[in-house]
Amino acid sequence: MTSEIIKSQDLLKVDPVFGQLSYDNHEQVVFCNDKDTGLKAIIGIHNTVMGPALGGTRMWNYGSEWEALNDVLRLSRAMTFKSAITGLNLGGGKAVILGDAKTQKSPELMRKFGEFVHSLNGKYITAEDVGMETEDMDIVREVTPYVTGISQNKGGAGNPSPITAYGVFMGMKAAAKFKFGSEILEDKKVFVQGIGSVGEALVEHLVNEGADVTITDINKERLDEVSSKYGVTVFEGNDICDAEMDIYAPCALGATINDDTIYRLKASVVAGAANNQLAEELKHGKLLQERGIVYAPDFLINAGGIINVYAELENYDRQEIMRKTENIYNTTLEILENAKVNELTTHTAALNIAQERIEVRRRENSK
Ligand code: NAD
């Protein structure tokens, strides 16, 4: 028997979806394929107890289909808890489109994707995420009402990223208050990884407050643009763990707190926009706690974007959006205190509250 045969037999024994490490009782996973446009997408619906599953669409050039599947499973699950902790009547969902957003995205592909979203009859409502723009959501809107984050001139709430950045800024201030005794970030060394839509808007808030900001990104043009616009320092090294920082703000992709970085990271606070910052929630949440690093849970502080798009569904105005987003400061502080008192990691403290709310609603729904 050759090793190849053993391998393929072993693979047959592995459950390809329900057996995935990131699978956590997701209600529905939809694989979308369209030969003409080249669309390959996966929609993950994690939980709809609190309401329809709302979450953005990410277009990314994944290394493999497994990577894409695991990403959508992790991202959709995070949305469930994000909406629950924020008090929104929404469930958790997310979509990924496999491919390079710069070269493979087309209006036809986005329209076809919209048709797949529409086929779910509102159980999943989409929005933008990495690799997507407000204009892409406008195209999706041509074929389905189940999309948020469309342009303001088309009646939508527009780009959610500045609101997300404001919420992250609020969460960061709360974490600073908890760790350093003051929420004022003036002169604090803040390291922003990923200066896309959210990262740049966060840099602006930080600079306005007088923080000492260093940025990094894989996109050299963005680095030049943002550093000259705000007068911030560009990180010259290859390893973020070499950088001196008080606060680490991950604003690129997830899992940057992992076995490799956890013991070497020089930050005292972690507060950023990226989803799923902890490669392994329990393990890395605990290790951060043991190292005395205050972690502002990602799904709690990056909820500004979903607050913004939820306004489209509930018809509340800009003032209410800002009020709800500003409240991330209070919620974060409460959760950090709760974690301390109950000797929990901050991630677990936030997750427990979200899960409790979902459980209460589940019981109400089944009455
Ligand atoms: P974006 O695509 O506009 O920006 C991402 C940036 O990260 C890009 O500039 C990219 O070049 C950079 N990047 C990618 N890999 C990197 C790496 N290894 N090192 C350094 N930089 C890297 O995305 P965005 O909308 O700004 O979102 C950023 C993060 O925040 C994502 O994880 C997203 O899921 C999360 N988030 C965004 C929103 C929102 O409203 N846009 C809401 C909640 C969460």
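For the stretch 174-184, a residue qualifies if it is in contact (Cβ under 8 Å) with a residue 40 or more places away in the chain, within 25 Å of TYR230 (Cβ to Cβ) and either surrounded by fewer than 24 Cβ atoms within 10 Å (Cβ to Cβ) or within 16 Å of the ligand (Cβ to nearest atom) (or both), and the qualifying residues are LYS177, LYS179, PHE180, GLU183.
Note on the stretch 151-173: residues that are assigned to a loop (DSSP other than H, G, I, E, B) and either within 11 Å of THR325 (Cα to Cα) or open to solvent by 40 Å² or more (accessible area, probe 1.4 Å) (or both) total 2. Among residues of the stretch 49-81 being more than 14 Å from the ligand (Cβ to nearest atom), on the phi < 0 side of the Ramachandran plot and of a type in the set (Gly, Ala, Ser), the one that is most open to solvent (accessible area, probe 1.4 Å) is SER64. Restricting to the stretch 208-228, name every residue that is more than 14 Å from the ligand (Cβ to nearest atom) and open to solvent by 50 Å² or more (accessible area, probe 1.4 Å). Scanning the stretch 208-228 gives ASN208, ASP212, SER228. So for the stretch 276-283 (the condition being within 14 Å of the ligand (Cβ to nearest atom) and under 20 Å from SER197 (Cβ atoms)), does at least one residue qualify? Yes, some residue in the stretch 276-283 is within 14 Å of the ligand (Cβ to nearest atom) and under 20 Å from SER197 (Cβ atoms). Given the structure, is ALA271 of a type in the set (A, V, I, L, M, F, W, C), within 13 Å of the ligand (Cβ to nearest atom) and touching a strand residue (DSSP E or B) at 6+ places or on another chain (Cβ under 7 Å)? Yes: the conditions hold for ALA271.
Criterion applied to ALA95, ALA84, ALA101 was being open to solvent by 10 Å² or more (accessible area, probe 1.4 Å), of a type in the set (A, V, I, L, M, F, W, C) and within 20 Å of the chain's Cα centre (by Cα), and the one residue passing it is ALA101.
The single condition among (1) surrounded by fewer than 20 Cβ atoms within 10 Å (Cβ to Cβ); (2) within 16 Å of the ligand (Cβ to nearest atom); (3) closer than 14 Å to ILE43 by Cβ that GLY122 does not meet is (2). Can you say whether LEU253 is in contact with a strand residue (DSSP E or B) (Cβ under 9 Å, 6 or more places away or on another chain) and modelled with pLDDT of 95 or more, as far as the supplied structure shows? Judged against the criteria, LEU253 is not a match.
Quick check: anything in the stretch 54-75 among the polar types (S, T, N, Q) and within 21 Å of ARG361 (Cα to Cα)? Looking for residues that are among the polar types (S, T, N, Q) and within 21 Å of ARG361 (Cα to Cα), one finds none in the stretch 54-75, hence no.
The values are calculated or read from the model by the stated rules, or taken from the named source; none is laboratory data. The structure displayed is predicted, hence computed values, not measured ones. Using ideal geometry, Cβ is built from the backbone for each residue, glycine included, and neighbour counts are taken over all protein chains shown. Side chains included, ligands, DNA and RNA excluded: accessible areas come from the protein's heavy atoms. Shrake-Rupley method; radii C 1.70, N 1.55, O 1.52, S 1.80 Å.
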